[in-house]
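The values are calculated or read from the model by the stated rules, or taken from the named source; none is laboratory data. For clarity, every value in this text was computed on a predicted model and none was experimentally measured. Cβ placement follows ideal geometry from the backbone for every residue including glycine, while neighbour counts extend to all protein chains displayed. SASA here: full protein model, heavy atoms, side chains in, ligands and nucleic acids out. Shrake-Rupley method; radii C 1.70, N 1.55, O 1.52, S 1.80 Å.
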Amino acid sequence: FNPDSTGLPMFACLLVALVMHPVHETVAEVEWNADSGRLEVALRLDAIDEQWLKRRHASRHQDEGGWQTAYVRQRFRITELPAKGEPDETKYRWIGRDEDRGHVWWFFEIEPADKEPPGWIEQRVLLEKEDNQVNHVSLLGRVPKQTLILTMQRPRASLKQAQPHESESHARDGR
């Protein structure tokens, strides 16, 4: 052990920790489009997770984006799910998918019936697969940008307006 190379043991510990405690996550970027009355969503997931989802859901839908749309309709919400037998007034529009190294991006829009900005978001993607799943939702178009962290224990969060920058709040407070 060379005492001057302290970075190597720390890197080894970090690597062991990651192997022992793998992180299962998705990253979503969402932005409200006031002109269309839709929430625009870009959802990044691991390609292996997409394959797992496809094996479970693709046989029910043959059209392009059909199984993905059916899945996110149940798992990525800005309105309550309708009661059994009731129609879902919220519209989901599949835009497409793109591959990015070991990940895939799903692009879709959510249009609430009232076309009003949502007050909350619920992200339950892959919670049925992994107990330690973490879903990050970045709210674009806000200053500062906000990122929500949603889990099995907390799959829903409020979408209240972003807080002002720290420097702005200090200026108002006279600090």
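Things to note:
- Test: residue in the stretch 121-133 that is out of contact with any Pro (no Cβ under 8 Å at 6 or more places or on another chain), closer than 29 Å to SER36 by Cα and charged (D, E, K, R): no
- Condition check for GLU128: within 16 Å of ILE48 (Cβ to Cβ) and without any contact (Cβ under 8 Å) to a residue 24 or more places away in the chain: yes
- The single condition among (1) open to solvent by 80 Å² or more (accessible area, probe 1.4 Å); (2) assigned to a helix (DSSP H, G or I) that GLU86 does not satisfy is (2).
- Tally, over the stretch 62-79, of residues that are surrounded by 11 or more Cβ atoms within 10 Å (Cβ to Cβ) and in a loop (DSSP other than H, G, I, E, B): 4
- Condition check for GLY102: of a type outside the set (A, V, I, L, M, F, W, C), in contact with a helix residue (DSSP H, G or I) (Cβ under 7 Å, 6 or more places away or on another chain) and modelled with pLDDT under 95: yes
- Annotation note: of LEU126, LEU148, the sole residue that is at positive phi and either part of a strand (DSSP E or B) or modelled with pLDDT of 95 or more (or both) is LEU126.
- VAL137 vs. criteria in contact with a Leu (Cβ under 9 Å, 6 or more places away or on another chain), open to solvent by less than 40 Å² (accessible area, probe 1.4 Å), within 19 Å of LYS160 (Cβ to Cβ) and touching a residue at least 24 places away in the same chain (Cβ under 8 Å): yes
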